[in-house]
1. If you place +1 on the Cβ of every Lys and Arg and -1 on the Cβ of every Asp and Glu, how big does the dipole about the Cα centre of the range B:28-113 come out, in debye to the nearest 20?
2. For a footprinting-style exposure proxy, rank A:Ser39, B:Ser65 by other Cβ within 10 Å, fewest first.
3. Give a quick list of chymotrypsin sites (Phe, Trp or Tyr not before Pro) in the range A:1-108 that DSSP marks as loop, anything other than H, G, I, E or B, with at most 15 other Cβ atoms within 10 Å.
4. Quote the FRET efficiency, to the nearest 0.05, computed for A:Ala29 versus B:Glu52 with a Förster distance R0 of 25 Å and r equal to the Cβ-Cβ distance.
5. ³J(HN,Hα) across the range A:56-72 via Karplus (A = 6.51, B = -1.76, C = 1.60, θ = phi - 60°), whole Hz, x for Gly/Pro?
6. Please identify, among B:Pro95, B:Pro25, B:Pro61, the residue showing maximal mean-square fluctuation in a Gaussian network model of chain B using a 10 angstrom Cα cutoff.
7. Positive end of the charge dipole of chain A (Lys, Arg +1 and Asp, Glu -1 on Cβ, about the Cα centre): tell me which of A:Gly62, A:Ala1, A:Gly43 has its Cα farthest that way.
8. With every atom except the alpha carbons ignored, what do you get for Rg and Dmax of chain A, in angstroms?
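Read the figures in this text as sums done on the coordinates, not as results from a lab. Values in this document were obtained by computation on a predicted structure and should not be read as measured data. Neighbour counts run over all protein chains shown; Cβ positions are idealised from the backbone, glycine included.
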Amino acid sequence: AQSVTQPDIHITVSEGASLELRCNYSYGATPYLFWYVQSPGQGLQLLLKYFSGDTLVQGIKGFEAEFKRSQSSFNLRKPSVHWSDAAEYFCAVGEKAAGNKLTFGGGTRVLVKP
Amino acid sequence: KAGVTQTPRYLIKTRGQQVTLSCSPISGHRSVSWYQQTPGQGLQFLFEYFSETQRNKGNFPGRFSGRQFSNSRSEMNVSTLELGDSALYLCASRPAGGSETQYFGPGTRLLVL
């Protein structure tokens, strides 16, 4: 069965500093990979996705992620964090054989210090 | 295009009652999935509907059920509510037919007392 691990439950970063959120997955084939962001009391907003091709993908709000098959990782990065980036971030794997049923990691809560 | 809409946004029920939540997908989307989000278990897949047929089901008891209508709108029902059913229930839609990206609604927050 597929699984997703986000090792960091909380991350605190200063405004303007860089951010990297880790995601490791377990899946038998090339996965569909996603990063979603959730603000308090809100649903999930898609930041970016990887299906195939270029392993560095660009998303919205200045985020990017790199797929590394050898490390089974899909880490999310942002060069300079804004206070509005404070939220919870979820990595997810899509299961192709099951209509893209998503398996989510536990999430990483990002706090931004002024 | 309007996004995924869910009604109601907030709901309070008591144990033993049943509840029905509604989801309207993005116009043109034919697949609707439901997820439960709790602090303890995180985000878990409930089921997916496509063309009024359930295509996949997560590991939830039979008290959780759903359906999809011909206009792609979907409802999920939880019978005999338990305290542990308190959660944010998220609906997601996608066009289907090869498009794998799911777009989520704002969720329905259910509190069971």
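1. 140
2. Ascending Cβ contact count within 10 Å gives the list A:Ser39, B:Ser65.
3. A:Phe51
4. For R0 = 25 Å, the calculated efficiency reads 0.25.
5. Couplings: 9, 10, 9, x, 7, 6, x, 8, 9, 9, 10, 8, 10, 4, 5, 10, 6 Hz.
6. Most flexible of the set in this elastic network: B:Pro61.
7. Checked the options; the winner is A:Ala1.
8. 13.5, 44
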